1. Does LEU46 satisfy the criteria of being in contact with an Asp or Glu (Cβ under 8 Å, 6 or more places away or on another chain), under 20 Å from ILE176 (Cβ atoms) and assigned to a strand (DSSP E or B)?
2. So, in segment 159-203, of the ones that are within 16 Å of ligand 2 (Cβ to nearest atom) and either charged (D, E, K, R) or not assigned by TED's automatic domain parsing to the domain that holds VAL80 (or both), which residue ends up surrounded by the most Cβ atoms within 10 Å (Cβ to Cβ)?
3. Consider THR68 against the criteria (1) outside any strand (DSSP E or B); (2) within 16 Å of ligand 2 (Cβ to nearest atom); (3) buried (at least 16 other Cβ atoms within 10 Å of the Cβ): it satisfies all of them except one. Which criterion is unmet?
4. Do you know which of the residues in segment 1-16 that are in a loop (DSSP other than H, G, I, E, B) and over 22 Å from the mean Cα position of the chain (by Cα) is farthest from ligand 1 (Cβ to nearest atom)?
5. I'm checking my understanding of the structure. Among residues of segment 17-26 that are surrounded by 16 or more Cβ atoms within 10 Å (Cβ to Cβ) and within 20 Å of ALA70 (Cα to Cα), which one is farthest from ligand 1 (Cβ to nearest atom)?
6. Scanning segment 76-91 for residues that are surrounded by 17 or more Cβ atoms within 10 Å (Cβ to Cβ) and touching a residue at least 60 places away in the same chain (Cβ under 8 Å), which turns out farthest from the chain's Cα centre (by Cα)?
7. If GLY29 satisfies all but one of (1) in a loop (DSSP other than H, G, I, E, B); (2) within 16 Å of ligand 1 (Cβ to nearest atom); (3) in contact (Cβ under 8 Å) with a residue 60 or more places away in the chain, what's the number of the condition it fails?
Amino acid sequence: MGALSIRQVRKAYHSVEILKGIDLEVDAGEFLILVGPSGCGKSTLLAMIAGLDHPTLGSIHIGDHDVTHALPKDRDIAMVFQSYALYPNMTVAENIGFALEMRKVPKAEREAAIARVAKMLQIEHLLERKPAALSGGQRQRVAMGRALARNPKLFLFDEPLSNLDAKLRVEMRAEIKLLHQRTRTTTVYVTHDQVEAMTLGDRIAVMKDGQVQQFGTPDDIYSRPANRFVAEFIGSPAMNFIECSREGIDQLQAHGVRLSLTPAHRQSLQSFSGHALVYGLRPEALRFADQGLPGELWMVEPTGPETYALVDTPLGRLTVRVPGQVHQRIGERVHLDWSAEQCHLFDGMTQQRIA
Ligand SMILES: Nc1ncnc2c1ncn2[C@@H]1O[C@H](COP(=O)(O)OP(=O)(O)OP(=O)(O)O)[C@@H](O)[C@H]1O
Ligand SMILES: [Mg+2]
């Protein structure tokens, strides 16, 4: 029995189906990420896990309890949401200790818990302040502290870092990871930020239109995306996609260019009956070379440690990720090369991964 089982969960509002049969098994101590574009149903699913709403069909189990219709207070969960409402009339310490007080935890124990999380989150100097006198990032920490003061079976986070500036986001992300490594509390974390998904998740469920497209480790998702949607959604800059067609049984071409394949790809093509395919290359799979695919450098986007170069080629505009700087100039003729091992193949009709 996993720590959290979501079985065939469906949710409809006014006959519009928002969740279309979600199955997820989360192990004890695991950090699960729900990621996907806006409106795909992440918060809806989290609300079902929290008990703020109930599925139309299907069931949810926490440990060996069926909680499908249980009240939030009977689920032993702690939540941090994007709009973290703190109690404005309570101090930071009172906010953090409130849930414990409601549970009639003795004062000494409560104070110890407040001190422990305040230290963890480095907000000890803020304990006597009211929320109005805190910055956004500090409020975020207090909201986190309120959840952490308890020792729940399950932590639920819904985009908890989305209101923070870029630097603080990165800091808090590391802190959340550290906290999880210490406490090993099973966690479900919603985000639409793929870097957060990759850096925090033990496993990631990529969602689209109320369905899970792929459920796997960050490495599975990045190295073996199940379909073109996942391949495009995870990874920045996004994967390059080249629509191509089959020549004979095991060759691919696009716009007169033969696309390189490995023996393993050719093997997979033997059992594939379609004609249209998509050949995917991540920007880091491409490199500038003395020969190879000809093109013209169209734009250069330096980021500091690496540069994204956009190159117009007979196969379309391709993004190349280069360590350091690009020495070629805009408009210059260049050549691109890659190793066939790094390509991803998708069925041009179903968009599902072939190899
Ligand atoms: N109470 C409701 N009544 C009707 N439709 C709803 C309700 N709650 C959510 N929806 C719809 O369900 C869909 C999924 O919403 P949800 O909030 O789960 O998306 P999300 O993946 O969390 O998106 P975001 O990243 O923008 O937060 C949306 O189309 C939304 O309009
Ligand atoms: Mg949401």
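The values are calculated or read from the model by the stated rules, or taken from the named source; none is laboratory data. All values derive from a computational prediction rather than experimental measurement. All Cβ positions, even for glycine, are placed from backbone atoms using ideal geometry, and neighbour counts span all protein chains on display.
1. The answer is no for LEU46.
2. Applying the filter and picking the extreme gives GLU196.
3. Only one criterion in (1) outside any strand (DSSP E or B); (2) within 16 Å of ligand 2 (Cβ to nearest atom); (3) buried (at least 16 other Cβ atoms within 10 Å of the Cβ) is unmet by THR68, namely (2).
4. Filtering first and then ranking leaves MET1.
5. GLU25
6. Step one: list which residues in segment 76-91 are surrounded by 17 or more Cβ atoms within 10 Å (Cβ to Cβ), which gives 77-81, 84, 86, 91.
Then keep just the ones that are touching a residue at least 60 places away in the same chain (Cβ under 8 Å); that gives 77-81, 84, 86.
Numbers: ILE77: 21, ALA78: 20, MET79: 18, VAL80: 17, PHE81: 16, TYR84: 21, LEU86: 26 Å.
It comes out as LEU86.
7. Here GLY29 meets the rest and fails (2).
One line per residue, one yes/no per condition, for (1) out of contact with any Cys (no Cβ under 8 Å at 6 or more places or on another chain); (2) of a type in the set (Lys, Arg):
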site: ALA254; (1), (2): no, no
site: ARG266; (1), (2): yes, yes
site: GLU284; (1), (2): yes, no
site: ALA289; (1), (2): yes, no
site: GLU296; (1), (2): yes, no
site: GLY316; (1), (2): yes, no
site: GLN328; (1), (2): yes, no
